[in-house]
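First comes the structure, then the notes that go with it.
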Amino acid sequence: MVFFSFSWKTKRRKLKMGRKNLEEGLLTNEAKTTINGASACGDSTDNLNTPSSSSSSSSSSTAASSLTPVLVFSTFVAVCGSFCYGCSMGYTSPAETGIMEDLGLSVAAYSVFGSIMTIGGMVGAIFSGRMADLFGRRRTMWVSEVFCSAGWLSIAFAKSALWLDIGRLSIGFGIGITCYVVPVYIAEIAPKNHRGSFVSANQLMGTFGLALVYFIGTFISWRALAMISAIPSVVQIIGLFFIPESPRWLAKCGRKKEFEAALKRLRGEDADISEEAADIKDYIETLEQQTEASFLELFHRRYANSLIVGVGLILLQQLGGNGPIAYYSSNIFEAAGVSSTIGLQISSITQIPVSIVGLLLMDRSGRRPLLLVSASGMCFSCFLIGISFCFKEFPHLKALTPFLALTGVLVAATAFTIGMGGIPWIIMSEIFPINVKAQAGSLVTLVHWSISWLTTYTFNFMMKWSSAGTFFLFSGVGGLTVLFVAKLVPETKGRTLEEIQASLTPFL
């Protein structure tokens with residue numbers, strides 16, 4: 001076996017005895033060659049020297065788990081994009097009546113307005129990974145929010161269906177990028193012991209956005225609602241000038257000084273970052289020995305486990321029915337005999353505390369238990385909604401339909417929020433090595449928006465075919481998700497990104 005250099009490896013062992021398992025997982029059973037390849041950013045990382053490490057394991061552990069104002073503020077700025085995503089998801093439900101009356105839109109025209117965002121999302125997904133790789137995480141978030149801001153303004157001042165659709169399409173492109181880059185950025189800046197909670201803030205803010213437009217959309221005009229929805233985008237555009245770039249992206253680009261400065265800023269000026277920095281550099285150096293990854297290389301056997309888990313979770317997330325429930329909840333309530341105003345307000349109130357509970361549990365209970373509970377809840381809730389529409393056909397049971405439908409929608413929203421809403425994106429940001437993260441992220445996000453378009457576009461047709469049958473199908477997907485998580489999804493709580501990726505790519 002040929003390693004980088006025997007003397008180099010001996011020195012590294014002395015400096016990193018506490019990281020023996022990671023090193024063995026990355027370097028064992030594979031021939032190594034001298035680093036000579038350039039990164040996707042145009043620079044090689046072979047000049048990244050290991051900083052001296054003389055601190056105790058306890059001080060390194062403290063640095064790895066430290067929470068600093070810069071870390072919290074950076075996460076807040078990033079998840080403003082998630083807030084915009086939540087607003088865009090919920091906007092079409094309370095705004096439907098006002099837009100159709102003011103602009104004279106038909107049901108078909110409004111359906112185009114509601115679903116065209118997913119087309120923009122698909123386009124954004126195609127470019128998201130490559131943009132984040134070439135331009136960095138911060139610049140990519142900035143571009144996405146420029147498109148979102150322009151889209152909201154187009155909707156707010158629209159005089160015809162054309163400008164509504166252009167605005168919705170622009171928002172879709174922006175959030176198609178956001179869905180990938182925000183969880184990746186947070187996962188790359190957060191310490192391993194708090195990474196799950198920080199990345200789940202992505203789902204929390206998305207829920208806040210959805211709940212906000214659900215609640216205040218019943219009181220204000222659709223134009224004012226669009227202006228309010230643009231605020232988080234503007235906040236993020238400004239805030240991005242004051243937060244650091246992802247240290248892992250900087251290391252991949254060979255920008256050593258900026259990498260160390262960003263990591264130091266995130267962990268605190270007094271924190272010992274030597275061990276964490278060395279881990280990141282070692283992993284980047286190992287990846288640099290691989291040839292520049294193409295899209296087709298993503299389907300190589302070594303990435304099979306990561307690809308199955310990442311794509312499978314997103315696929316099942318969208319086929320489970322949450323998209324149509326969020327987009328057309330007011331229609332579901334009315335079809336079941338429930339006041340859409342009351343239903344939307346109750347739904348908005350219940351989702352926020354559930355999101356907070358999910359965030360608190362993320363790094364305590366782990367990803368898998370929350371996914372299993374969430375998928376089981378989606379299975380049960382969709383079955384309950386399906387039963388409610390069955391009861392509608394029986395005169396002596398018809399009175400139960402509104403109660404069961406409202407309960408089912410609330411349980412579905414609660415179950416989705418606590419697990420299936422955010423955790424697939426957390427796992428996606430954790431399991432793919434950085435040399436294929438751009439390609440994998442684009443693929444996963446493209447699958448997300450493609451299936452989202454499919455389910456939202458066909459939902460009304462499926463409801464005409466059979467309201468009960470539609471939700472029984474969603475329930476079946478929920479049951480399949482439980483089996484998928486139980487058999488294939490790994491637990492990533494409390495592990496570094498490098499450890500997770502090494503365990504899933506044994507041939508790396």
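The values are calculated or read from the model by the stated rules, or taken from the named source; none is laboratory data. Note that the coordinates shown come from a computational prediction; the quantities given were computed from them, not determined experimentally. Ideal geometry is used to build each Cβ from the backbone, glycine not excepted, and the neighbour counts take in all protein chains shown. Keep in mind that these areas ignore ligands, DNA and RNA; they rest on the heavy atoms of the full protein, side chains included. Shrake-Rupley method; radii C 1.70, N 1.55, O 1.52, S 1.80 Å.
Can you tell me which of Ser365, Ser381, Ser355, Ser388 is open to solvent by less than 40 Å² (accessible area, probe 1.4 Å), polar (S, T, N, Q) and modelled with pLDDT under 80?
Ser355
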Somewhere in the stretch 377-396, is a residue over 17 Å from the mean Cα position of the chain (by Cα) and closer than 30 Å to Lys192 by Cβ?
-> yes
Answer yes if at least one residue in the stretch 229-242 is out of contact with any Cys (no Cβ under 8 Å at 6 or more places or on another chain) and small (Gly, Ala, Ser), and no otherwise.
-> no
Taking Ser149 as meeting all but one of (1) at pLDDT 90 or above; (2) over 29 Å from Phe242 (Cβ atoms); (3) not aliphatic (A, V, I, L, M), write down the number of the exception.
-> (2)
Is there a residue being charged (D, E, K, R), modelled with pLDDT under 90 and touching a helix residue (DSSP H, G or I) at 6+ places or on another chain (Cβ under 8 Å) anywhere in the stretch 326-335?
-> yes
Go over the candidates Ile228, Ile171, Ile177 one by one and state the one that is under 25 Å from Ile431 (Cβ atoms) and in a helix (DSSP H, G or I).
-> Ile177
Test each condition in (1) aliphatic (A, V, I, L, M); (2) in contact (Cβ under 8 Å) with a residue 40 or more places away in the chain; (3) open to solvent by 10 Å² or more (accessible area, probe 1.4 Å) for Val143 and report the one that comes out false.
-> (2)
Working only within the stretch 350-377, note down all residues that are out of contact with any Phe, Trp or Tyr (no Cβ under 9 Å at 6 or more places or on another chain), closer than 19 Å to Ala326 by Cβ and polar (S, T, N, Q).
-> Thr350
So which of Ala412, Ala405, Ala440 ends up being closer than 21 Å to Ile356 by Cα, open to solvent by less than 10 Å² (accessible area, probe 1.4 Å) and not in a loop (DSSP other than H, G, I, E, B)?
-> Ala412
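Taking Val213, is it closer than 30 Å to Glu275 by Cα, β-branched (Val, Ile, Thr) and buried (at least 24 other Cβ atoms within 10 Å of the Cβ)?
So Val213 fails the test.
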Among the residues of the stretch 415-432 satisfying the criterion of being under 21 Å from Ile356 (Cβ atoms), assigned to a helix (DSSP H, G or I) and in contact with a Leu (Cβ under 8 Å, 6 or more places away or on another chain), which is most open to solvent (accessible area, probe 1.4 Å)?
-> Ile418
When you look at Ser246, is it buried (at least 19 other Cβ atoms within 10 Å of the Cβ), modelled with pLDDT of 90 or more, more than 30 Å from Tyr91 (Cα to Cα) and among the small types (Gly, Ala, Ser), yes or no?
-> yes
Would you check if Gly129 is modelled with pLDDT under 90, open to solvent by less than 40 Å² (accessible area, probe 1.4 Å) and either closer than 23 Å to Leu240 by Cβ or of a type in the set (Lys, Arg) (or both)?
-> yes
When the stretch 231-266 is examined, which residues are found to be under 21 Å from the mean Cα position of the chain (by Cα), of a type outside the set (Val, Ile, Thr) and part of a loop (DSSP other than H, G, I, E, B)?
-> Pro244, Glu245, Ser246
Out of all the residues in the stretch 190-207, is one or more closer than 30 Å to Ser340 by Cβ, out of contact with any Lys or Arg (no Cβ under 8 Å at 6 or more places or on another chain) and not in a helix (DSSP H, G or I)?
-> no
Spot the failing condition for Asn435; the list is (1) in a helix (DSSP H, G or I); (2) modelled with pLDDT under 85; (3) within 28 Å of Leu504 (Cα to Cα), and only one is missed.
-> (1)
Pick from Lys252, Lys264: which is surrounded by fewer than 22 Cβ atoms within 10 Å (Cβ to Cβ) and not acidic (Asp, Glu)?
-> Lys264
Identify all residues within the stretch 93-108 that are of a type in the set (A, V, I, L, M), out of contact with any Phe, Trp or Tyr (no Cβ under 6 Å at 6 or more places or on another chain), open to solvent by less than 60 Å² (accessible area, probe 1.4 Å) and assigned to a helix (DSSP H, G or I); write none if there are none.
-> Leu103
If you check Leu164 against the conditions, is it open to solvent by less than 60 Å² (accessible area, probe 1.4 Å) and not in a helix (DSSP H, G or I)?
-> no
The lone condition Trp453 fails out of (1) surrounded by fewer than 24 Cβ atoms within 10 Å (Cβ to Cβ); (2) not charged (D, E, K, R); (3) not in a helix (DSSP H, G or I) is (3)
Taking the stretch 267-278 as the search range and keeping residues that are over 15 Å from Leu67 (Cβ atoms) and open to solvent by less than 20 Å² (accessible area, probe 1.4 Å), which one is farthest from the chain's Cα centre (by Cα)?
-> Ser274
Pick from the stretch 66-90, criterion outside any helix (DSSP H, G or I) and touching a Gly at 6+ places or on another chain (Cβ under 6 Å), ranking: surrounded by the most Cβ atoms within 10 Å (Cβ to Cβ) | Ser66
Out of Leu319, Leu315, Leu296, sole residue that is under 15 Å from Met378 (Cβ atoms), of a type in the set (A, V, I, L, M), more than 16 Å from the chain's Cα centre (by Cα) and open to solvent by 20 Å² or more (accessible area, probe 1.4 Å) = Leu319
Ser306 being polar (S, T, N, Q) and either modelled with pLDDT under 85 or over 20 Å from the mean Cα position of the chain (by Cα) (or both) = no
